[in-house]
Amino acid sequence: METTLIILKPDAVQRGLMGKIITRFEEKGLKIVGMKMMTISQDLAGTHYAAHKGKPFYDGLVKFMTSSPVLVMAIMGNDAITICRKMMGATFGSKAEPGTIRGDFGVSNSFNLIHGSDSPEAAEKEMGLFFADGGVQKLDRAIEQWVYDFGKASPE
Ligand code: IDP
Ligand code: MG
């Protein structure tokens, strides 16, 4: 089971889309094991987006991400990182396929509603950054037996 870091960006919070986006992950069967609202500091935004430093959109990205509160989630499931990235859609709202979060709710290329870790290494690093003070729950769901097939060596 993987745990991935999802951020509903300032535009998602301001536009009142938190509930709709959370519902997509819940209905998919993924397990939300951590959730909190926070305002991202300049330092945290810089660390989180360090790989983009120097790119033309970097300053605008940091300004955007620190401009208003965000909702941060830890989401768990088999292959959760890839599943969440697929559900998010392509980076640019203008290009993202209908049916994806970015494709259904946005048209902007920079205000694209959601962040999701893009690899196991990124997920581990980002979980450490955003849930450093704990807050990830051990959640046993009664419905788990109907979400995964537990008749195999590992849940399928
Ligand atoms: P991702 O969020 O789909 O992983 P990245 O390429 O890692 O996309 O870029 C991080 C974030 O930077 C994007 O989600 C978007 O908000 C912003 N961004 C990326 N490329 C551009 C661009 O060309 N113009 C404006 N903003 C961009
Ligand atoms: Mg990325």
Open item on the list: Among the numbered criteria (1) within 14 Å of ligand 1 (Cβ to nearest atom); (2) touching a Leu at 6+ places or on another chain (Cβ under 8 Å), which one does Ile81 miss?
Closed with: (2)
- [ ] Give the number of residues within the range 57-80 that are without any contact (Cβ under 8 Å) to a residue 24 or more places away in the chain and not hydroxyl-bearing (Ser, Thr, Tyr).
- [x] 3
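Tell me which residues, restricted to the range 74-91, are aliphatic (A, V, I, L, M), within 14 Å of ligand 2 (Cβ to nearest atom) and assigned to a helix (DSSP H, G or I).
Initial filter on the range 74-91 (aliphatic (A, V, I, L, M)): 74-76, 80-81, 83, 87-88, 90.
Those still in the list that are within 14 Å of ligand 2 (Cβ to nearest atom) too: 81, 88, 90.
Selection gives Ile81, Met88.
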Open item on the list: Scan the range 19-32 and tell me whether some residue there is modelled with pLDDT of 95 or more, more than 20 Å from Arg102 (Cβ to Cβ) and either over 15 Å from the mean Cα position of the chain (by Cα) or surrounded by 12 or more Cβ atoms within 10 Å (Cβ to Cβ) (or both).
Closed with: yes
Task: Tabulated pairs, the range 40-56, first assigned to a helix (DSSP H, G or I), second among the charged types (D, E, K, R), C-beta under 8 angstrom, 6+ apart or interchain - done: Gly46/Lys53; His48/Glu126
Task: Candidates Ile40, Ile32, Ile7, Ile75 - the one that is in contact with a helix residue (DSSP H, G or I) (Cβ under 8 Å, 6 or more places away or on another chain), among the β-branched types (Val, Ile, Thr) and away from ligand 1 (no atom under 16 Å from the Cβ) - done: Ile32
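The rows are residues; the columns are (1) in contact with a helix residue (DSSP H, G or I) (Cβ under 9 Å, 6 or more places away or on another chain); (2) free of Cβ contacts under 8 Å to residues at least 60 places away in the same chain; (3) surrounded by 13 or more Cβ atoms within 10 Å (Cβ to Cβ).
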{"position": "Thr82", "(1), (2), (3)": "no, yes, yes"}
{"position": "Ala90", "(1), (2), (3)": "yes, yes, yes"}
{"position": "Glu97", "(1), (2), (3)": "yes, yes, no"}
{"position": "Ile101", "(1), (2), (3)": "yes, no, yes"}
{"position": "Phe105", "(1), (2), (3)": "yes, no, yes"}
{"position": "Phe111", "(1), (2), (3)": "yes, no, yes"}
{"position": "His115", "(1), (2), (3)": "yes, no, yes"}
{"position": "Asp118", "(1), (2), (3)": "yes, yes, yes"}
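The values are calculated or read from the model by the stated rules, or taken from the named source; none is laboratory data. The structure presented is a predicted model; accordingly, all values stated were derived computationally and were not measured. A quick note on method: Cβ atoms are made from the backbone with ideal geometry, for glycine too, and the neighbour counts reach across all protein chains shown.
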